[in-house]
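Below is one structure; the comments refer to it alone.
The values are calculated or read from the model by the stated rules, or taken from the named source; none is laboratory data. No experiment lies behind these values; they were computed from the predicted model shown. Here Cβ is always computed from backbone atoms with ideal geometry, including for glycine, and neighbour counts include all displayed protein chains.
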Amino acid sequence: MAVANTTQVSEETFRRLSLGDPQGQLELHRGQLVEKPGMSVEHGDVMGNLVRLLENQLDRTSYRVRAQHARLRLASDTYYIPDVAVIPTAIVQALSERPGSLDAYPDALPLVAEIWSPSTGGYDENEKLRDYQRRGDLEIWRVHPYERTVTAWRRQSNGAYVATIYRDGVVQPTSLPAVAIDLEALFET
């Protein structure tokens, strides 16, 4: 991740800059602006496949799927852009009532996914995935296009997370019981 500025940035400034960013790829990490780098073809293929598989199974009146667009707020100094996020439609509609609002969510989401990439893999695993757990997101996936695996961290009733690694077959998010993601279709090129 490229640090765009070493000066501490306020939440208000970050939100203003994000809305004016033509690429829409600014994150805020512990008060510092960070720009998401470009991603590999494999990253794009897997992300597109996951979005398509989710959208084909989710009712749009209940959920919206965002790819590299939504910002998840951990705190006033930390906002991340996950590769894929499933957001309850009611929350999106509440934001839509204020035209021009940043697509940003402080509340826990049913599913957040990061696609592993050589340029961001370490940052995602060491920072973002842990912070998604701090946010309380119900299910967090790390999808690895080269290993062809999905690691799913699922929030338990006591707040702890249990990780499961999937190498084949179908993954059913516990937070979205009507969804089944076939790994062969997910990793199809």
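Considering GLN68, GLN32, which residue is surrounded by 14 or more Cβ atoms within 10 Å (Cβ to Cβ), modelled with pLDDT under 95, out of contact with any His (no Cβ under 7 Å at 6 or more places or on another chain) and under 28 Å from THR149 (Cα atoms)?
Within the list GLN68, GLN32, the selection yields GLN68.
When the range 38-57 is filtered for residues that are surrounded by fewer than 14 Cβ atoms within 10 Å (Cβ to Cβ), at pLDDT below 95 and either part of a helix (DSSP H, G or I) or under 15 Å from the mean Cα position of the chain (by Cα) (or both), only VAL41 remains. Return the residues of the range 86-115 that are within 12 Å of the chain's Cα centre (by Cα), free of Cβ contacts under 8 Å to residues at least 60 places away in the same chain and part of a loop (DSSP other than H, G, I, E, B); say none if nothing qualifies. Listed by number, the residues that qualify are ALA108, LEU109. Considering each of TYR132, TYR146 in turn, give the residue that is assigned to a loop (DSSP other than H, G, I, E, B), surrounded by 12 or more Cβ atoms within 10 Å (Cβ to Cβ) and touching a residue at least 40 places away in the same chain (Cβ under 8 Å). From the options TYR132, TYR146, the qualifying one is TYR146.
Looking only at the range 14-29, filter to residues that are in a loop (DSSP other than H, G, I, E, B) and out of contact with any His (no Cβ under 8 Å at 6 or more places or on another chain); which one of those is surrounded by the fewest Cβ atoms within 10 Å (Cβ to Cβ)?
Filtering the range 14-29 down to residues in a loop (DSSP other than H, G, I, E, B) leaves 21-25.
With out of contact with any His (no Cβ under 8 Å at 6 or more places or on another chain) added as a condition, the list becomes 21-23, 25.
Values: ASP21: 13, PRO22: 5, GLN23: 9, GLN25: 16.
Within the range 14-29, the match that is surrounded by the fewest Cβ atoms within 10 Å (Cβ to Cβ) is PRO22.
Before we move on, is ASP45 over 21 Å from TRP116 (Cβ atoms) and either in contact with a strand residue (DSSP E or B) (Cβ under 7 Å, 6 or more places away or on another chain) or not polar (S, T, N, Q) (or both)? Judged against the criteria, ASP45 is not a match. Just to be sure before I move on: is ILE87 hydrophobic (A, V, I, L, M, F, W, C), over 27 Å from GLY31 (Cα atoms) and touching a strand residue (DSSP E or B) at 6+ places or on another chain (Cβ under 8 Å) in the structure I sent? It is false that ILE87 is hydrophobic (A, V, I, L, M, F, W, C), over 27 Å from GLY31 (Cα atoms) and touching a strand residue (DSSP E or B) at 6+ places or on another chain (Cβ under 8 Å).
Taking the stated definitions as given, is TYR105 surrounded by 15 or more Cβ atoms within 10 Å (Cβ to Cβ) and closer than 25 Å to VAL41 by Cα? Here the answer is no, as TYR105 does not meet what is asked. The residues in the range 82-99 that are modelled with pLDDT under 95 and closer than 21 Å to LEU33 by Cα can be counted, and the count is 0.
Checking ASP77, ASP137 one by one, the residue that is touching a Gly at 6+ places or on another chain (Cβ under 7 Å), more than 20 Å from MET39 (Cβ to Cβ) and surrounded by 15 or more Cβ atoms within 10 Å (Cβ to Cβ) is ASP77 and no other.
Answer yes or no: is there a residue in the range 158-170 that is more than 16 Å from ASP83 (Cα to Cα), in contact (Cβ under 8 Å) with a residue 24 or more places away in the chain and assigned to a loop (DSSP other than H, G, I, E, B).
Within the range 158-170, none of the residues are more than 16 Å from ASP83 (Cα to Cα), in contact (Cβ under 8 Å) with a residue 24 or more places away in the chain and assigned to a loop (DSSP other than H, G, I, E, B).
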